[in-house]
Every structure is written in structure tokens, then in C-alpha cells.
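See below for the structure under consideration.
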Amino acid sequence: MSTTVPRDVIVVGGGVAGLSAAVFTARHGLDTLVIDSGESILRRNAHLENFPGFPSGLNARRLLDLLAEQVENAGAHRHEAAVQRVKQSEGEDGFAVETDAGERYLSQYVIAATKNTTEYLVDLDGVGIIDRGKTFVDTDERGRTGVDGLYAAGRLAEKPHQAVVCAGHGAEVAVTVLEDDERPFYHDWVAPDGYFTARGRDLPPGCEEIDEDERRRREARSLETMRERFAEPHPDDQVTHPSLRDD
């Protein structure tokens with residue numbers, strides 16, 4: 001079984017909660033790996049119509065693609081595999097994460113974001129599993145579980161089954177990881193040049209000041225990116241419920 005260089009954060013699950021969490025941890029400099037089986041339930045959605053910022057809705061698979069691209073732009077890594085087991089790392093702080101391909105990854109923190117799949121957590125003492133027909137992980141209001149360093153985000157943490165809620169909770173859990181890691185407070189705000197410093201204030205952690213030329217450059221890049229991504233219909237076929245598949 002192969003072992004890679006230890007990561008700071010491993011996110012299990014590539015839906016909106018997991019991907020949103022990875023954006024925040026990676027942007028603040030934590031070495032982040034998303035392990036995704038490609039089975040996000042959002043891929044079954046025919047047309048997502050209640051996600052903020054898209055007045056006519058959008059293809060749900062397109063949203064996941066855009067989030068995955070944002071994760072990579074933030075500096076995180078993505079790997080397609082199914083996680084079979086998360087265990088306490090022997091003789092070290094943190095966790096060992098094992099996949100169905102025989103890979104073994106080490107990480108200081110793990111964020112579980114797999115909707116209602118919990119089998120891979122059974123070897124961890126202290127994880128509260130809630131069974132209400134579907135399984136959930138017992139957490140506090142910030143996504144902390146009963147195991148130090150293990151968090152749950154989105155639907156797995158009993159959040160409402162809405163994409164925007166799960167995306168927001170993924171971000172909140174990531175900020176919780178940053179706080180628990182005693183990182184400086186993270187604003188994640190790009191401000192106009194001088195917004196803080198011209199008033200005699202230090203630039204807060206996670207903030208950036210940019211001048212007008214840089215603002216225009218970034219806006220132009222964002223417009224071009226969105227034109228390219230939405231120029232054609234999404235190429236993937238509609239994903240349906242497993243019980244309705246011919247295979």
C-alpha cells in the first residue's frame with residue numbers, strides 16, 4: 001500500500017460541501033487534497049434553480065466543474081478514488097486515509113463530506129453516527145466531531161438538503177479548521193488599493209489590496225472564463241438514480 005507525503009487537510013467527498021471547504025483551506029495555505037469518488041448526488045439534478053447568482057439556474061454538473069476548477073486554482077489537489085477507511089495514524093498525530101485502490105494518505109485534518117456514507121469512519125473511536133434511515137455524523141454547530149481533527153460538512157452533518165446551504169457549511173467548517181489550527185483570522189477579501197493600509201491599518205490575514213489595473217485584469221479574466229465555460233451545453237449526460245439505471 002503506497003503512502004504519500006503527509007497533507008494538512010484531506011477532504012473526503014467532491015460535492016459542493018467538500019469542494020467549498022477545500023477552496024478555503026487551500027487559499028489559506030493548508031496543503032489540501034480532495035478525494036472524490038465522482039458520485040456527488042448533485043450530478044443527478046436536472047437543472048439547479050435556487051443557487052444564488054444564477055437567475056435562470058444552471059446545469060448542476062457545470063457548477064461542480066466550476067467548483068473543482070476553483071479548488072485547483074486555489075492550490076488544492078484532487079484525486080478520484082473511493083475512501084474505504086479513515087484511521088488514527090499509528091505513532092503520529094492525525095489520520096491515515098485508505099482508498100479502494102490501495103493508496104494510503106496521511107493528514108493532520110480530515111473533513112468528511114460524503115452525504116450519508118459513513119462506513120469509512122467505523123474504525124475511529126469517538127465518532128457519533130446517527131441513524132435515521134440515512135446515516136449522519138454527530139457534530140457541533142461548526143462541524144467538529146467527537147474526534148479531534150475530524151470534521152463533517154454538509155448533508156453528512158445534518159444540514160438541509162440544499163446546494164447553497166451545503167456549500168456555505170463547507171466553507172464554515174473550513175474556517176473552523178483554520179481557527180482550530182490557530183491560524184490568524186481569515187477574511188478572504190480582496191479590497192481596493194489602500195482600503196486598509198491608507199488608513200494606517202495592517203492588512204488583515206487573508207486579505208489582499210489590488211490597484212485599479214489589477215482589478216480590471218481580474219474582472220476581464222473572470223468574464224472570459226465564464227464566457228468559455230457557458231458557451232456550450234454541458235457535455236455529460238444526465239445522471240439518474242442508481243435504481244433507474246440499466247446497468
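The values are calculated or read from the model by the stated rules, or taken from the named source; none is laboratory data. Because the structure is predicted, anything quoted here is derived from the model rather than measured. Every residue, glycine among them, receives a Cβ derived from its backbone with ideal geometry; neighbour counts consider all protein chains shown. These accessible areas exclude ligands, DNA and RNA; they are computed on the full protein's heavy atoms, side chains included. Shrake-Rupley method; radii C 1.70, N 1.55, O 1.52, S 1.80 Å.
In the same structural domain as Pro160 (by the TED database), under 28 Å from Val147 (Cβ atoms) and within 19 Å of the chain's Cα centre (by Cα) - does that describe any residue in the stretch 55-62? No.
Restricting to the stretch 13-39, and then to whatever is β-branched (Val, Ile, Thr) and out of contact with any Leu (no Cβ under 9 Å at 6 or more places or on another chain), can you tell me which residue is nearest to Val177 (Cα to Cα)? Applying the filter and picking the extreme gives Thr32. Here the stretch 1-12 is the region considered, the condition is being touching a Gly at 6+ places or on another chain (Cβ under 9 Å) and part of a loop (DSSP other than H, G, I, E, B), and the residue that is nearest to Asp181 (Cα to Cα) is Pro6. Close Cβ contacts (under 7 Å, 6 or more residues apart or on different chains) running from residues in the stretch 19-38 that are within 15 Å of Ala153 (Cα to Cα) to residues that are assigned to a strand (DSSP E or B) and acidic (Asp, Glu) comprise Asp36/Glu80. Of all residues in the stretch 218-245 being closer than 22 Å to Arg43 by Cβ and hydrophobic (A, V, I, L, M, F, W, C), which is least open to solvent (accessible area, probe 1.4 Å)? So, considering only residues that are closer than 22 Å to Arg43 by Cβ and hydrophobic (A, V, I, L, M, F, W, C), the one least open to solvent (accessible area, probe 1.4 Å) is Val239. For the condition touching a strand residue (DSSP E or B) at 6+ places or on another chain (Cβ under 9 Å), open to solvent by less than 50 Å² (accessible area, probe 1.4 Å), over 20 Å from Val23 (Cα atoms) and assigned by the TED database to the domain that holds Leu19, Glu119 does not qualify.
Okay, residues lined up against (1) touching a His at 6+ places or on another chain (Cβ under 9 Å); (2) part of a loop (DSSP other than H, G, I, E, B); (3) open to solvent by 10 Å² or more (accessible area, probe 1.4 Å):
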| site | (1), (2), (3) |
| --- | --- |
| Arg142 | no, yes, yes |
| Arg155 | yes, no, yes |
| Ala174 | yes, no, no |
| Glu179 | no, no, yes |
| Ala191 | no, no, no |
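Pairs linking a residue in the stretch 124-142 that is under 18 Å from Gly168 (Cβ atoms) to a residue that is of a type in the set (Phe, Trp, Tyr), with Cβ atoms under 8 Å and 6 or more positions apart or on different chains, are Thr139/Tyr151. Only one of the numbered conditions (1) touching a Pro at 6+ places or on another chain (Cβ under 8 Å); (2) surrounded by fewer than 18 Cβ atoms within 10 Å (Cβ to Cβ) is not met by Gly75, and that is (1). Only one entry in His187, His169 is open to solvent by 60 Å² or more (accessible area, probe 1.4 Å) and within 19 Å of the chain's Cα centre (by Cα), namely His187. For the stretch 88-116, a residue qualifies if it is assigned to a loop (DSSP other than H, G, I, E, B), open to solvent by less than 20 Å² (accessible area, probe 1.4 Å) and either of a type in the set (Phe, Trp, Tyr) or modelled with pLDDT under 90 (or both), and exactly one does: Ser89.
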